[in-house]
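Enquirer: I am attaching a structure below and will ask some questions about it afterwards.
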Amino acid sequence: MAGHSKWANIKRQKAVVDSKKAQIFARLSREMIVAARQGLPDPNANFQLRSAIEKAKAAGIPNENIERAIAKGSGQWGQDGDRWESIRYEGYGPGGVAVLIEAFTDNRNRTAAEVRLAFTKQNGNLGETGCVGWMFDRKGVVTLMHSDTEDRLLDALLTADAETYEIAEDDENGETLVEVFCNGDRLEQTVQSFKTQGYTVRDSELRWIPNNLVEVTDEEQARKLLKLIDALEDLDDIQSVTANFEMQVDLMTAAIA
């Protein structure tokens, strides 16, 4: 598993504070606005919007907030939705680790300045679009509840035309989850296949997956790299951060101590 995935798992073990919850609400609201603007405002006919709504409900966002976000994106709530756009940033973290960032922003200049400052503070460099994008593949990722035998799971993967999978324990509630990877263009079909086969789909999303990994072994480099990822993820406009590093769990734990 890539280092950034392990880092995300470790952070999920921390308590969720109110300030973080507000930030999550804002990000999911922007995701719904952009999904509604780019496609139909009907979730039954817009898989991206339907997925965003499911995440919003799982996070506890009230129905009226969800309806308001959809209305903004579809132009039924003034012109607020028109200001938001999806943008990607790319750069290098400490030690040459490739970092790919996705954002929803209503002010490109502000977001670019904040991202550049985060890189600079941790000895990284914000690059031009495309400088590291070729190191990542866009994949669909379906997270399943794993309550089956591995033989049955493998049969389900073949039926769904999935590419590969990883089994991980969700430390928040002790449940075992499976992350299934598929072609990004087939995410909706893959989700439907697992649901038809009786599996519980916890989450589904498009994700950038690194096709090569940089091993981090130095504690100081690890500390700066994880601080960079944290700083980027804390920015209001950032939706996701992906990096192509791997490191041992004990080093990761020491770096965040």
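Enquirer: Output the relative contact order of the chain, whole-number percent, from Cα pairs under 8 angstrom with separation of 6+ residues.
Expert: 22 percent
Enquirer: Which residue, VAL132, VAL216, VAL249, has the largest displacement toward the positive end of the dipole of the chain when charges sit on each Cβ (Lys, Arg +1; Asp, Glu -1)?
Expert: Of the listed residues, the answer is VAL132.
Enquirer: Taking the Cα centre of the chain as origin, sum charge times position over the Cβ atoms of Lys and Arg (+1) and Asp and Glu (-1), and report the length of that vector in debye to the nearest 20.
Expert: 860 debye
Enquirer: Separate question: Rg over Rh of the chain, using C-alpha atoms and the Kirkwood radius, what does it come to?
Expert: Rounded to two decimals, Rg over Rh is 0.96.
Enquirer: Then there's this: Please report, ordered by residue number, every helix of the chain (full DSSP H runs) that is 18 Å or longer along its axis going by C-alpha atoms and whose mean Kyte-Doolittle hydropathy reaches 0.5.
Expert: none
Enquirer: Moving to a separate point now. Using just the alpha carbons, could you tell me how many Å³ per residue the convex hull of the range 65-145 encloses?
Expert: Each residue corresponds to 162 Å³ of Cα convex hull volume.
Enquirer: Still on this structure, I have one more. Is the range 130-255 rounded, prolate or oblate when judged by the Cα gyration tensor, a ≥ b ≥ c being the square roots of its eigenvalues, rounded requiring a/c under 1.5 and prolate requiring a/b larger than b/c?
Expert: Prolate, since a/c reaches 1.5 and a/b exceeds b/c.
FYI, it's all coordinate maths here, none of it is from the lab. Everything numeric in this text was worked out from a predicted model, so none of it was measured. Every residue, glycine as well, gets a Cβ built from its backbone with ideal geometry; the counts of neighbours run over all protein chains shown.
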